[in-house]
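Working notes, structure below.
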Amino acid sequence: MMTRAAGAIAWLLGLGFGLPCVYATWYFIAHDEVWTLFGFPTYGDGVFEQVGLDTSVPLLLAFLLVCVAEMVLGWWLWSGHRGNRAFAALLLPVELVFWVGFALPFGPILGVVRTALVLVGGRAGENRA
């Protein structure tokens, strides 16, 4: 049950950040500036820019790839794939770099909850086996 909840969170993260990233990438290519939604830059104005790493198409595409990996993780969690715990643990630090770098506040919270559910759910499953 916990790993399925973690899978649902993974899909929420993957779709919630991935779909806007597709549009943001197109917008950046078309307008050479970061897309703004409700007055906030979607993938800019975060730690990346503070350290001199401006938003670019390769950076946006790298984040989109991370979102696709999140969707794969969601599927693995939902279906009980054997490598889901390791994948969740390996993916979290990569995601954190992007979430913090782009100043996406809900990503770290949901990512930590997802990973905790995976680890607790995995331990519960080991205890039953």
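Determine the dipole magnitude for the stretch 19-109: charges of +1 sit on the beta-carbon of Lys and Arg, -1 on that of Asp and Glu, nothing else is charged, the reference point is the Cα centre, and the result goes in debye to the nearest 20.
Values: 2 positive and 7 negative charges, 109 e Å.
Charge dipole of the stretch 19-109: 520 debye, to the nearest 20.
Length gained on full extension, residue 26 to residue 45: 5.0 nm, using 0.36 nm per residue less the C-alpha separation.
If you average the C-alpha positions of the stretch 79-123 and of the stretch 1-60 separately, how far apart do those two centres end up, in angstrom? Taking the Cα centre of each part, the stretch 79-123 and the stretch 1-60 sit 17 Å apart.
Give me 23, 43 ranked fewest to most by other Cβ atoms within 10 Å of their Cβ, as a rough exposure proxy.
Working: 23 12, 43 26.
Fewest-to-most ranking of 23, 43: 23, 43.
Quick check on the stretch 53-104: take the gyration tensor over C-alpha atoms, sort the square-rooted eigenvalues as a ≥ b ≥ c, and tell me if it's rounded (a/c under 1.5), prolate or oblate. In terms of gyration-tensor shape, prolate. For the chain, a Gaussian network of Cα nodes joined below 10 Å ranks 93, 41, 105 by mean-square fluctuation, and the top entry is 105.
Where in the chain are the DSSP H helices whose C-alpha atoms run 27 Å or more along the long axis and whose mean Kyte hydropathy is at least 0.0? Please report the intermediate quantities before stating the final value.
Details: long enough: 2-31 (43 Å, 1.08); 57-79 (33 Å, 1.97); 106-128 (33 Å, 0.62).
Qualifying helices, which must be both long enough and hydrophobic enough, are 2-31, 57-79, 106-128.
Spin-label model, residue 94/residue 56: points 7 Å from Cα along the beta carbon direction are separated by 1.9 nm.
Sort 5-13, 30-38, 61-69, 94-102 by the packing proxy (mean of other Cβ within 10 Å over each peptide's residues), most packed first. Intermediate results must be reported in sequence, preceding the final value.
Numbers: 5-13: 21.6, 30-38: 11.9, 61-69: 17.2, 94-102: 19.4.
Highest to lowest by the protection proxy: 5-13, 94-102, 61-69, 30-38.
Taking neighbour Cβ counts within 10 Å as the exposure measure, how do 87, 17 sort from fewest upward? Walk me through the numbers on the way to the answer.
Working: 87 19, 17 25.
Placing the least packed residue first, the sequence is 87, 17.
No value in this document is a laboratory result; all are computed from the given coordinates. On a predicted model such as this, the values are computed, not experimentally measured, just so you know. Note that each Cβ is placed from the backbone with ideal geometry, even for glycine, and that neighbours are counted across all protein chains shown.
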